[in-house]
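The values are calculated or read from the model by the stated rules, or taken from the named source; none is laboratory data. Values in this document were obtained by computation on a predicted structure and should not be read as measured data. Cβ: placed from backbone, ideal geometry, glycine included. Neighbour counts: every protein chain shown.
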Amino acid sequence: MLNLLFILAECGSSVTGTQGILLSPNYPANYSNNHECIYSIQTQPGKGIQLSARTFQLQDGDVLKVYDGSNNSARLLGSFSSSGLLGTILNSTSSSLWLEFITNAQNTSKGFVLQFSSFELIKCEDPGVPQFGYKVDDEGQFAGSTVSFSCDPGYSLRGNRVLTCMTGERRAWDQSLPSCIAECGGFIKGELSGRILSPGYPSPYGHNLNCTWTIEADPGCTIGLHFIVFHTEEVHDVLKIWDGTLESKILLKEISGSSLPKDIHSTFNSVTLQFGTDFFTSKQGFALQFSVSTATSCNDPGVPQNGSRSRDSREAGDSITFQCDPGYLLQGEAKITCVQIENRFFWQPDPPTCIAPCGGNLTGPVGVILSPQYPDPYPHGKECDWKVTVSPDYVIALTFMNFNLEPGYDFLHIYDGPDSLSPLIDSFFGSELPNRIESSSNSLFLAFRSDASVSNGGFVIDYTENPRESCFDPGTIKNGTRVGSDLKLGSTVTYYCESGYEVEGTSTLTCIMGEDGKPVWNNLRPSCIAPCGGQYTGLEGVVLSPNYPQNYSSGQNCTYSIVVPKDYETVVFGQFAFFHTALNDIVEVHDGPNQHSRLLSSLSGSHTGESLPLASSNQILIIFWAKGQVTARGFHFVYQAVPRTSATQCSSVPEPRYGRRIGNDFAVGAVIRFKCMPGYVLQGSSTVECLTVPGALAQWNSSIPNCIVPCGGNLTERKGTILSPGYPEPYLNSLNCIWKITVPEGAGIQVGIFFFSDEEKVHSLRLYHWGGAGLVWFGFFSDLSLPGLGHSVAERGFLSLWSNISSSLFLYFSVLSSVGLSSCPEPSVPSNGLKVGDRYLVNDVVSFHCEPGYSLQGHSHISCMPGTVRRWNFPPPLCIAQCGGTLEEMEGVILSPGFPGNYPSNMDCTWRISLPVGFGAHIQFLNFSTEPNHDYIEILNGPYETSRMIGRFSGDEMPAGLLSTSHRTSVYFHSDHSENKHGFKLEYQGEKVLN
């Protein structure tokens with residue numbers, strides 16, 4: 001169906017429709033002179049206009065101009081005169097056409113009849129939507145239409161916000177699609193809410209960034225920050241949030257890592273965010289939402305993690321009190337108050353936090369022990385000690401709630417007592433939950449050690465004080481033994497004294513319930529004493545001077561009666577295993593029951609090892625007089641019943657001192673063997689035989705051997721004992737004894753020192769093992785303390801004893817046993833350091849050194865520990881470029897803190913170089929890069945802040961060398977709160993300074 005035609009015969013008109021006809025003025029009559037007629041044709045959006053002439057007759061000089069648009073600034077489709085438009089079809093590229101008909105003052109003609117109709121136009125391609133953006137308006141993407149864009153919160157639009165679909169034969173947009181970028185910094189003012197993103201979010205942020213955002217609200221308002229995402233490189237890439245401008249210097253929070261921070265609120269009407277990154281690892285970054293609110297009270301201070309608070313009121317003048325959960329320690333003040341200054345509300349002081357501390361003294365009846373920073377993983381390289389003490393007469397029960405330590409490298413040691421010298425209950429690692437532990441007293445000591453590598457979840461341990469259900473361990477007694485180890489109610493322990501000693505007190509103790517309702521022993525622990533006199537019987541025995549082995553008291557008179565059985569015509573044989581009295585103190589031995597009997601011997605002074613003549617009967621009497629004021633150790637007398645000699649019976653054979661006799665048959669043909677105590681060797685024949693002698697009494701074929709301590713020797717047994725020469729007597733002067741110990745291949749040697757005395761500290765005991773490069777020294781002792789255990793990690797070891805003067809006493813006793821040689825794991829080498837040592841067997845020591853300029857943090861020497869699990873006694877150390885220090889060497893290196901990484905913010909470091917008088921420091925820079933003007937280094941010609949400055953440097957230009965003329969030089973470095981760079985490395989050399 002044909003639409004309505006618009007027939008116009010006027011000078012110009014505006015026509016809207018899908019088709020129609022335009023007529024020149026006065027048509028079909030001639031048009032007039034001097035016309036300027038404008039025709040505008042408009043059709044539906046998305047359609048074009050097709051124009052053709054049914055009639056077209058113009059005089060020369062008269063013209064019709066057709067424009068492809070809504071005005072004459074659009075593209076000109078053509079200028080037509082005479083009959084030029086006939087047979088031509090014009091197509092617009094938009095929904096508009098603009099026609100201008102101009103006539104002159106001369107002849108006219110019939111004019112024109114123009115026909116137009118609409119048709120479907122070709123659109124511009126969909127421009128798309130920028131990533132992190134959206135379309136605000138889209139007019140259809142036809143020629144002449146526009147599309148406008150905006151960005152998601154937190155992104156900035158780069159490029160043109162509005163795109164126009166161009167007219168013309170080719171459909172295209174006049175500009176490229178804009179992009180939405182997360183910028184590095186910005187200034188936001190007057191916005192009630194919005195978002196801030198790390199640069200490039202959600203892609204990882206870049207390296208070496210220093211971005212600052214400032215959010216400013218109206219006066220009387222505050223700004224809240226809510227984190228949606230947060231993940232940066234811990235410690236190295238940091239977001240700092242300041243309350244107000246940087247000039248306020250009020251740091252609200254410094255954040256890094258992967259934990260999502262809690263909401264943060266300003267107290268001023270502005271907040272500043274600074275984000276700095278280093279040159280290394282990049283993470284996803286952060287996204288946070290900000291919102292503005294009117295300040296009418298203090299911000300909610302929140303509840304500290306692992307804590308609680310009382311009261312919620314936040315009006316000016318109100319206070320809130322905080323508490324920490326069990327096991328955590330409050331950092332800061334427990335009570336804070338809301339303060340108002342003009343339109344600003346803030347807490348004074350800042351709200352506290354709750355941390356899991358590294359060690360401490362715990363004294364309550366119940367409590368919790370947490371690994372440091374729990375529930376976060378514990379830090380690297382920690383040494384934390386806890387001492388738990390409860391009420392007397394109570395014990396401590398430990399219950400493990402959580403436990404996860406790196407196996408083989410991180411340990412929790414628990415000792416049954418107040419310190420690490422107490423008995424070790426056990427050492428724990430791994431993820432298996434330990435069983436309940438109960439102390440034997442009212443104290444426990446816990447030692448936690450972590451290395452420099454992996455950190456796990458840590459531990460939670462509940463402790464409680466419990467009433468004892470058993471008696472305390474009564475212990476052992478000197479010169480005696482104890483039988484019985486059960487300490488529960490109703491149990492008994494019995495004490496027995498060694499030969500020669502008597503029990504003083506009750507020998508058997510019973511654990512009973514005391515009047516206070518707690519388990520106690522029914523009697524005090526007895527003691528073993530050497531009595532002054534007494535009656536002695538039996539086939540053999542021991543008699544001791546009073547208080548032996550300590551000195552006897554003066555003014556004593558002791559009588560000892562010894563009677564052996566009369567069977568087999570026995571008599572008494574005696575020997576002094578030890579004898580040393582003061583010169584005026586006498587021991588008499590009588591051959592009979594009283595002091596009127598024949599005198600066998602009268603001794604005073606030193607007579608150790610001396611044997612008595614055989615008694616003529618089965619009893620003797622010993623009388624000891626201690627007359628003088630000076631006393632001594634006394635005597636140790638050994639007796640036994642022996643048969644009388646005959647032609648078929650040899651005399652009884654005594655046991656050699658420090659040895660044993662094997663065999664009690666003294667008849668003709670009998671063979672007696674001898675064996676020495678550990679550490680002693682036989683001197684003489686190891687056997688004797690009883691032989692007949694014609695016409696005389698039977699005799700032994702050899703003399704009785706002695707047991708002596710050799711000066712050195714070769715030992716190959718798996719276990720053994722080494723004694724100092726002459727032990728237990730003082731050794732001789734000018735000794736140099738070497739013992740060589742060899743055990744089977746694959747085993748090591750464990751050395752325990754049980755008695756060691758050197759009053760003058762001029763003698764020494766040295767221990768060596770056979771290392772890869774020959775003998776390796778691993779022990780040196782020269783004092784009165786017990787050295788404890790030493791471990792050789794080779795199958796060959798050496799002990800060397802050296803002495804020089806006679807005025808000192810040196811005694812020691814050692815036990816050797818083979819131990820396994822599985823190795824410790826290879827320790828890591830610290831950055832900027834080096835490791836010395838490539839053997840990791842038991843007791844091997846590895847040492848660490850730092851490169852010049854770095855300080856060693858930790859232990860420079862670590863040792864592979866013995867035990868069921870091979871581990872180092874300490875984690876490998878770190879090498880740190882520290883802030884400041886004193887240098888006294890003639891040459892050295894100074895590094896900015898954290899070098900070669902970026903130095904930290906807000907540092908003030910001073911290094912003092914101290915050289916001999918007459919020398920100055922020649923300083924040469926090897927690296928230099930600081931934030932220009934704000935971060936700088938100063939060289940002072942002296943030790944004081946007021947000393948003359950000889951150089952101040954900042955920026956990236958390498959400073960020239962300079963010379964300090966003072967023997968004391970100061971190097972001062974300052975960094976502010978903003979941009980951080982690599983810092984500096986300088987060398988100094990001491991040089992002679994001419995006067």
Practice item. Select from segment 519-530 the residues that are surrounded by 15 or more Cβ atoms within 10 Å (Cβ to Cβ) and more than 15 Å from Thr476 (Cβ to Cβ) and write down the one among them that is farthest from the chain's Cα centre (by Cα). Key: Ala530
Review point. Could you say which residue among Ser248, Ser297, Ser270 is modelled with pLDDT under 95 and under 23 Å from Pro153 (Cα atoms)?
Key: Ser270
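Thr222 - would you say it is β-branched (Val, Ile, Thr) and either farther than 20 Å from Ser282 by Cα or touching a His at 6+ places or on another chain (Cβ under 6 Å) (or both)? It would help to see each step written out before you state the result.
Numbers: β-branched (Val, Ile, Thr): yes; either farther than 20 Å from Ser282 by Cα or touching a His at 6+ places or on another chain (Cβ under 6 Å) (or both): yes.
Spelling it out, Thr222 is indeed β-branched (Val, Ile, Thr) and either farther than 20 Å from Ser282 by Cα or touching a His at 6+ places or on another chain (Cβ under 6 Å) (or both).
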Check your understanding: Are any of the residues in segment 647-655 acidic (Asp, Glu), closer than 22 Å to Glu498 by Cβ and either surrounded by fewer than 14 Cβ atoms within 10 Å (Cβ to Cβ) or in the same structural domain as Gly541 (by TED's automatic domain parsing) (or both)?
Key -> yes
Point to revise | Identity of the residue in segment 455-474, of a type outside the set (A, V, I, L, M, F, W, C) and modelled with pLDDT under 80, that ends up farthest from Gly364 (Cα to Cα) | key: Asp473
Study note, to complete from the structure: Of (1) more than 60 Å from the chain's Cα centre (by Cα); (2) over 10 Å from Phe573 (Cα atoms), Thr608 fails just (1)
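Restricting to segment 392-408, what's the tally of residues that are touching a residue at least 60 places away in the same chain (Cβ under 8 Å) and either out of contact with any Asp or Glu (no Cβ under 9 Å at 6 or more places or on another chain) or surrounded by fewer than 20 Cβ atoms within 10 Å (Cβ to Cβ) (or both)? It would help to see each step written out before you state the result.
Quick first cut of segment 392-408, residues touching a residue at least 60 places away in the same chain (Cβ under 8 Å) only: 393-401, 408.
Of the ones still in play, those that are also either out of contact with any Asp or Glu (no Cβ under 9 Å at 6 or more places or on another chain) or surrounded by fewer than 20 Cβ atoms within 10 Å (Cβ to Cβ) (or both) are 393-394, 397, 399-401, 408.
Number satisfying all stated conditions: 7.
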Exercise for review: Give, as residue ranges, the strands (runs of 3 or more DSSP E) completely inside segment 309-362 that count at least 1 residues that are of a type in the set (D, E, K, R) and on the phi < 0 side of the Ramachandran plot.
Suggested key: 335-341, 344-348
**Study point:** Search result, residues across segment 406-438 that are part of a strand (DSSP E or B) and touching a Lys or Arg at 6+ places or on another chain (Cβ under 7 Å)
**Key:** Phe411
Check your understanding: Which residue pairs have Cβ atoms closer than 7 Å, lie 6 or more positions apart in sequence or on different chains, and pair a first residue in segment 972-993 that is under 13 Å from Asn902 (Cα atoms) with a second residue that is of a type in the set (Val, Ile, Thr) and at pLDDT 85 or above?
Key -> Lys981/Thr930; Gly983/Thr930; Phe984/Ile937; Lys985/Val893
Check your understanding: Could we say that Tyr768 is at pLDDT below 85 and among the aromatic types (Phe, Trp, Tyr) here?
Key -> yes
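Specify which of the listed residues (Leu723, Leu735) is under 17 Å from Lys675 (Cβ atoms), surrounded by 14 or more Cβ atoms within 10 Å (Cβ to Cβ) and not assigned by TED's automatic domain parsing to the domain that holds Gly669. Spell out the reasoning first.
On the way: Leu735 fails: under 17 Å from Lys675 (Cβ atoms).
Of the residues listed, the single one that is under 17 Å from Lys675 (Cβ atoms), surrounded by 14 or more Cβ atoms within 10 Å (Cβ to Cβ) and not assigned by TED's automatic domain parsing to the domain that holds Gly669 is Leu723.
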Study note, to complete from the structure: Note on segment 128-156: residues of a type in the set (D, E, K, R) and within 25 Å of Gln289 (Cα to Cα) are Lys135, Asp152
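So for segment 138-158 (the condition being of a type in the set (Asp, Glu) and within 21 Å of Gly194 (Cα to Cα)), does at least one residue qualify? It would help to see each step written out before you state the result.
Taking segment 138-158 as the starting set, the residues that turn out to be of a type in the set (Asp, Glu) are 138-139, 152.
Filter once more, keeping what is within 21 Å of Gly194 (Cα to Cα): 152.
Checked against the condition, which is being of a type in the set (Asp, Glu) and within 21 Å of Gly194 (Cα to Cα), segment 138-158 yields at least one hit.
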Check your understanding: Is one or more of the residues making up segment 608-618 at pLDDT 85 or above, of a type in the set (Ser, Thr, Tyr), in the same structural domain as His580 (by TED's automatic domain parsing) and surrounded by fewer than 19 Cβ atoms within 10 Å (Cβ to Cβ)?
Key -> yes
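With surrounded by 19 or more Cβ atoms within 10 Å (Cβ to Cβ), over 21 Å from Gly220 (Cβ atoms), at pLDDT 90 or above and not acidic (Asp, Glu) as the only criterion, which of Gly367, Gly332, Gly359 stands out?
Gly367
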Practice item. Have a look at Thr93, Thr103 and point out the one that is closer than 13 Å to Gln57 by Cβ and either free of Cβ contacts under 8 Å to residues at least 24 places away in the same chain or surrounded by 18 or more Cβ atoms within 10 Å (Cβ to Cβ) (or both). Key: Thr103
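Is it fair to say Ser966 is surrounded by 20 or more Cβ atoms within 10 Å (Cβ to Cβ), out of contact with any helix residue (DSSP H, G or I) (no Cβ under 8 Å at 6 or more places or on another chain) and either of a type in the set (Phe, Trp, Tyr) or not in a loop (DSSP other than H, G, I, E, B) (or both)? Outline the logic, then answer.
On the way: surrounded by 20 or more Cβ atoms within 10 Å (Cβ to Cβ): yes; out of contact with any helix residue (DSSP H, G or I) (no Cβ under 8 Å at 6 or more places or on another chain): yes; either of a type in the set (Phe, Trp, Tyr) or not in a loop (DSSP other than H, G, I, E, B) (or both): no.
Considered against the rule, which asks whether it is surrounded by 20 or more Cβ atoms within 10 Å (Cβ to Cβ), out of contact with any helix residue (DSSP H, G or I) (no Cβ under 8 Å at 6 or more places or on another chain) and either of a type in the set (Phe, Trp, Tyr) or not in a loop (DSSP other than H, G, I, E, B) (or both), Ser966 comes out as no.
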